[in-house]
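J.: Take a look at this one; I'll ask things after.
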Amino acid sequence: MNDQTRTSSRSGGRAARRAARATSLPEHLRPVRPGMDGGTYKPLTQSQMERIHETALQALETIGLADAPQSGIDYLVSAGCILGDDGRVRFPRAVVEDTIAKANRSVTLYSRDGSTDLDLTGSRVHYGTAGAAVSMVDVHGREYRDSTVQDLHDAARICQQLDNIHFVQRPMVCRDITDNLEMDLNTIYACCSGTYKHIGTSFTDPSYVAPAVEMLHMIAGGEDEWRARPFVSNSNCFVVPPMKFATESCQVMEECIKAGMPVLLLSAGMAGATAPSTVAGAIAQATAECLAGLVYVNAVSPGAAAIFGTWPFGLDLRTGAMSVGSGEQALLSSGCAQMHKFYDLPGGTAAGASDSKLPDMQAGWEQMCSNVMAGLSGANMIYEAAGMHASLLGFCFESLILGDDLIGQAQRCVRGIEVTDDTLALDQIAEVCLGGPGHYLGTDATLSRMQVDYVYPTFGDRTSPKEWAELDKPDLIEKATARKTEILAAPSSARFDPLLDAELRERFNIHLPS
């Protein structure tokens, strides 16, 4: 083969590879996608999970939880729990075990348009936002500012365009809306008009649930349509660790359950402060608290959709500062995911957040570590997976966009290694080595699998130093900023029909401009 032929062959191979990558694959052939099975990483043994379970049962039976609202006491006592003279509600083992046996294991979190529904059975893994940050990160000014309702809407719009962000739980609060009812209502409006993906939100007061549900009925097209496919869930901090109910949040939870809204039972103790400092102890307490929540939910409405939300966080014991980016945090989240699978219950945990103030190298290693480990452990819902900084105090649009790339690689780890006759490729080895070209570049087999098996970053740079210089040394943050600007320059694809929007604005005080 002469040099001209070799050059032609190489350029032809490159052209073929470019053409293959430009071809859009159907959803089921994409190398990564929502709901892939995790569960291959198991930091806890079976006997260790059984000990955590036994510890949780003992804690519920002997310690119980304080501060339940009277309505909650009534529900729990009617389910077989015991109200002690000390005001604590205790949970007999049989009550907890019966609840685990009958709990809803077939939870689907619906999207508004039906295209991105989330099946939470088994070890199906989904990544999304959360965190309720109070500030926005300005990557160019290297500053923090108050978050606004426009920021929340823009975050939802960006998430709508990111394939690896599967749901949108409120990533920041609307600090420019001082009335709590209006903030809760505008949170729903801002998110739902920005994305079709499933939304998670919280409510400040039990009385705010009814007007929020009225808004959701209007968006859905009626109460029946809403109840058939609820596309918003309630993120509910129903406990104040250690082992106390959050009275108003429990009342909110009751109202949401009655309205047909799925509930995330969120226990967020801090290891060393509001939970034991040991990883095992923090997981055990969170497990006990969420089992109590599961009994509560099923006492209100048997079989109601609930997510087992064990979210223990780490603490830097040197300073007392919250730490979400540590290896210990990754273990906490992974161990919790295993306990979800131990009970075969839909579960969620926190991963992917960073203690770093900016999307820098520290953020990269912290975000990847916990995202990969939680995914490999089979967590159904991985919250705070992108965009969260400063130990949940700040949210960053550029980090959200770069996080989509990062989560793509994490999902490839979750997918794992397929070992079949086809992937072992003995026939290819023989063809290449016995009279073939001596390499696999440009072969039909390679080209046929380059999209199916490999995840290519959108913003991650894989050029040579020479090519990088020729491209004017592109900066990762600048590329993410350009993508943010591009997305926000176009109208939201999920925006409401003008007639519906007018009706919503007439009924509610919507703060976003028309």
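J.: Suppose we keep only residues that are farther than 22 Å from A130 by Cα and of a type in the set (S, T, N, Q) within the range 286-315. Which one would you say is least open to solvent (accessible area, probe 1.4 Å)?
T.: N298
J.: For the subset of the range 440-496 comprising residues that are polar (S, T, N, Q) and open to solvent by less than 40 Å² (accessible area, probe 1.4 Å), which member is modelled with the highest pLDDT?
T.: Among those residues, the one meeting the criterion is T481.
J.: For the range 466-503, what are the residues that are polar (S, T, N, Q) and in contact with a Ser or Thr (Cβ under 8 Å, 6 or more places away or on another chain)?
T.: Once the filter is applied, which keeps residues that are polar (S, T, N, Q) and in contact with a Ser or Thr (Cβ under 8 Å, 6 or more places away or on another chain), the range 466-503 yields only S492.
J.: Is there any pair linking a residue in the range 113-136 that is in contact (Cβ under 8 Å) with a residue 24 or more places away in the chain and under 13 Å from R33 (Cα atoms) to one that is open to solvent by 30 Å² or more (accessible area, probe 1.4 Å) and assigned to a loop (DSSP other than H, G, I, E, B), with Cβ under 6 Å and at least six apart or on different chains, and which?
T.: So the pair list comes out as D117/Y110; H126/P34.
J.: Just for the range 89-111: of the residues that are more than 29 Å from the chain's Cα centre (by Cα) and of a type in the set (V, I, T), which one is surrounded by the fewest Cβ atoms within 10 Å (Cβ to Cβ)?
T.: Here the answer is V95.
J.: Could you tell me how many of the residues in the range 132-176 are more than 20 Å from P491 (Cα to Cα), open to solvent by 50 Å² or more (accessible area, probe 1.4 Å) and either of a type in the set (G, A, S) or within 19 Å of the chain's Cα centre (by Cα) (or both)?
T.: Here the count works out to 1.
J.: Then there's this: Failed condition for L499, given (1) open to solvent by 90 Å² or more (accessible area, probe 1.4 Å); (2) over 25 Å from the mean Cα position of the chain (by Cα); (3) closer than 22 Å to G114 by Cβ; (4) in contact (Cβ under 8 Å) with a residue 24 or more places away in the chain, with all others met?
T.: All conditions pass for L499, except number (4).
J.: Another question about this same structure. Can you tell me which residues in the range 414-434 are out of contact with any Ser or Thr (no Cβ under 9 Å at 6 or more places or on another chain) and open to solvent by less than 80 Å² (accessible area, probe 1.4 Å)?
T.: Within the range 414-434, R415, E418, T420, T423, A425, I429, A430 qualify.
J.: Looking only at the range 46-88, filter to residues that are acidic (D, E) and farther than 11 Å from Y296 by Cα; which one of those is most open to solvent (accessible area, probe 1.4 Å)?
T.: Here the residue is D85.
J.: Take the residues in the range 482-496 that are among the hydroxyl-bearing types (S, T, Y) and in a loop (DSSP other than H, G, I, E, B); name whichever of them is farthest from D113 (Cα to Cα).
T.: Looking at the filtered set, the residue picked out is S492.
J.: Within the range 219-236, can one find any residue that is closer than 24 Å to S399 by Cα, open to solvent by 30 Å² or more (accessible area, probe 1.4 Å) and either part of a loop (DSSP other than H, G, I, E, B) or among the aromatic types (F, W, Y) (or both)?
T.: No, the conditions are met nowhere in the range 219-236.
J.: Could you tell me whether any residue of the range 288-300 is under 19 Å from the mean Cα position of the chain (by Cα) and either closer than 23 Å to F91 by Cα or of a type in the set (K, R) (or both)?
T.: yes
J.: Taking the condition open to solvent by less than 90 Å² (accessible area, probe 1.4 Å) and either at positive phi or assigned to a helix (DSSP H, G or I) (or both), does L512 pass?
T.: no
J.: Among the residues of the range 339-362, count how many are surrounded by fewer than 24 Cβ atoms within 10 Å (Cβ to Cβ) and either assigned to a helix (DSSP H, G or I) or among the aliphatic types (A, V, I, L, M) (or both).
T.: 7
J.: Something else about it: Could you give every pair whose Cβ atoms fall below 7 Å, whose first residue belongs to the range 459-486 and is of a type in the set (A, V, I, L, M), and whose second residue is assigned to a helix (DSSP H, G or I), counting only separations of at least 6 or pairs across chains?
T.: L476/L402; I477/E398; A480/E398; A480/I401; A480/L402
J.: Hey, another quick one. Just checking, does the range 272-284 include any residue being in a strand (DSSP E or B) and buried (at least 24 other Cβ atoms within 10 Å of the Cβ)?
T.: yes
J.: Continuing with this model, one more query. Exactly one condition in (1) touching a residue at least 60 places away in the same chain (Cβ under 8 Å); (2) at positive phi is not met by M218; state its number.
T.: (2)
J.: Same structure, new question: Having 3 or more residues that are under 21 Å from the mean Cα position of the chain (by Cα) and closer than 17 Å to D360 by Cα is the bar; report the helices (runs of 4 or more DSSP H) wholly within the range 392-480 that clear it.
T.: Per the criteria, 397-415.
The values are calculated or read from the model by the stated rules, or taken from the named source; none is laboratory data. Given the structure is predicted, the values throughout are model-derived calculations rather than measurements. All Cβ positions, glycine included, derive from the backbone under ideal geometry; neighbour counts span all protein chains shown. Ligands, DNA and RNA are stripped out before the accessible areas are found, and what is left, the full protein with its side chains, is counted by its heavy atoms. Shrake-Rupley method; radii C 1.70, N 1.55, O 1.52, S 1.80 Å.
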